[in-house]
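No value in this document is a laboratory result; all are computed from the given coordinates. Since this is a predicted model, take the numbers as computed values, not measurements. All Cβ positions, glycine included, derive from the backbone under ideal geometry; neighbour counts span all protein chains shown.
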Amino acid sequence: MNPKRCAACKYLRRRCPKDCIFSPYFPPSDPDKFSCIHRIYGAGNVSKMLQQLPVQTRAEAVESLSFEARCRVQDPVYGCVGIISLLQTQIQKTQTLLAKTQAEIAVAQTKHSQHTYL
Amino acid sequence: MGGPGSSPCASCKLLRRRCAKECIFAPYFPPDDPHKFAIVHKVFGASNVSKMLQELPVHQRADAVNSLVFEANARVRDPVYGCVGAISYLQNQVTQLQMQLAVAQTEILCIQMQHEPTLQSHHEVFELHQDDKAHLLHSNNNSINNCNNNNYNLAYAMSSGQLNSNFASPSSVIQMQMQDPLKQESLWT
């Protein structure tokens with residue numbers, strides 16, 4: 001077997017052609033990356049997705065797919081949607097705290113101006 | 001539900017097969033919403049979704065399907081970044097709000113020090129910050145259904161300023177380490 005097969009072709013136990021769509025993004029040194037993506041999306045779907053993208057955007061697409069696949073493996077119910085939910089909650093809490101602090105500023109400034117007037 | 005005499009679920013309609021009584025998709029993909037399964041099938045594939053659902057207890061499958069639909073929709077809208085684009089956007093919002101909050105807290109401290117130069121207010125601000133951080137790490141929000149009380153390193157990293165304080169790009173989101181995510185109430189409830 002060709003020792004220079006990419007991680008995808010190694011995993012799929014096939015020959016790695018020169019124009020393999022996976023090889024630029026799945027080096028043999030990181031077998032987990034492809035196995036995780038394959039578990040969630042399947043090789044065929046990933047291949048189709050990459051083929052539909054311009055070449056210069058494929059690396060980022062693979063990284064985001066890898067991230068989402070890892071999230072899904074770690075949290076099979078919510079995946080990365082759990083992170084989105086957490087961030088939205090954090091935003092709400094921070095907005096509430098900010099509004100409260102700004103109200104305190106307004107009250108303090110009003111008190112100060114009243115005190116100055118008197 | 002699938003079975004003799006009833007309409008096949010959206011999955012079995014799309015896959016052109018008989019909808020069995022125990023069809024794993026039927027409870028979550030009713031025939032009146034064909035788009036829901038179509039988009040999940042396009043991104044994940046029916047067999048992968050079936051495997052994922054089989055590995056989950058029944059009471060968690062509805063939430064799992066809804067999150068898969070959400071992710072699939074995000075991926076179709078943004079084929080390069082998918083949900084990671086949304087995460088990046090929200091992280092930027094959090095960063096901006098935290099900066100505004102820091103400015104506001106500094107301002108109130110200054111005002112208080114003008115009137116009460118005893119520095120008592122400084123401790124209140126510090127405690128407020130600590131409470132906020134602790135709350136993010138150990139949230140006991142009643143709306144959490146499946147919280148397993150694990151710390152969430154993303155929230156900790158963000159609140160302690162370890163993440164890039166400049167605007168987060170999708171690439172920097174991908175580089176962050178994620179361990180033991182805190183399970184939150186689903187977005188759609």
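For the pair A:A99 and B:A62, label points projected 7 Å from Cα toward Cβ lie 3.0 nm apart. Report summary: the helix-based calculation at 222 nm, which adds -39500 (n - 2.57) for every DSSP H run with n ≥ 4 and divides by the residues of chain A, gives -23000 deg cm²/dmol. Under 12 Å from a label point set 7 Å out along the Cα-to-Cβ vector of A:R39, the amide N atoms of region B:33-74 belong to B:52. Panel values: region B:1-84, Kirkwood radius from alpha carbon pairs, Stokes-Einstein at 10 °C and 1.306 mPa s, translational diffusion coefficient 122 µm²/s.
I'd like the orientation of helix A:55-74 relative to chain A: the angle between its Cα long axis and the longest Cα principal axis, in ° from 0 to 90, rounded to 10. Orientation of helix A:55-74: about 70 degrees from the principal axis. The slack in the chain from B:T106 to B:K51, taken as 0.36 nm per residue of separation less the alpha-carbon distance, amounts to 14.6 nm.
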